[in-house]
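Enquirer: Encoded as structure tokens, here's the structure I'll be asking about.
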Amino acid sequence: MTTYGTIPTSSSAGPSSNLDYITRAKERIKAGLGSRHPWKLMFDFHAIKLPSNFHESLVRMKINVSYFRMNYAIIVLLILFLSLLWHPISLIVFIIMMAAWLFLYFLRDEPLVVFGRTIDDRVVLIVMSVLTLVFLFLTSATENILVALLIGVVFVVLHAALRKTDDLFLDEEATGLMTPTTAASAGSSPS
């Protein structure tokens, strides 16, 4: 065989392309979870204080939801997951739909092409949302799903309204100007 000892190139669309896809998927998941902020910071009981008025609570909610959005999503999904433990069929549907979301929406690098036509991301988002809701509601766990989502939303709204935002550095992080050393020094500076 003449190719013995040669290094294969990446132009072959074999198992290496599947490994590349898995590697990219791992990197995207790590990047998404990397936007999660520490749970200690989120549940700092010294930062809980009633807002002085309704406007302040709305400002806090806006800042906290922007800052802790990945944490809030994890909490709501965990509450939904726990509510479906007593409905195994719904749980299986939930897991299958989450896998479909990962492969069809979150982990895609290229546009989705069906029958030679490129499908827009908004269409994928709408179709996946409708299918997820329809499939979950068909499993006769509607009450559990709605109660779990309500509990999750109430938790997010309460936490976002009650947690002070003085120690959050949203603007510097959003622009990428804040490094870990400046975050530590900014947190220790007197107010």
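Enquirer: Once neighbouring chains are kept in place and the probe is 1.4 Å, which whole percent of the accessible area of the stretch 86-160 is contributed by carbon and sulfur?
Expert: The value for the stretch 86-160 is 78 percent carbon and sulfur by accessible area.
Enquirer: Between Leu82 and Leu19, with labels modelled 7 Å along Cα→Cβ, what's the label distance in nm to one decimal, could you check?
Expert: A separation of 4.1 nm, rounded to one decimal place.
Enquirer: Let me ask something additional. Under 26 Å from the Cα of Lys26, which lysines turn up, not counting those fewer than eight places away in the same chain?
Expert: In chain and number order, the partners are Lys40.
The values are calculated or read from the model by the stated rules, or taken from the named source; none is laboratory data. All values reported here derive from a predicted model rather than from experimental measurement. Here the Cβ is made from the backbone with ideal geometry for all residues, glycine too, and neighbour counts use every protein chain on show. These accessible areas exclude ligands, DNA and RNA; they are computed on the full protein's heavy atoms, side chains included. Shrake-Rupley method; radii C 1.70, N 1.55, O 1.52, S 1.80 Å.
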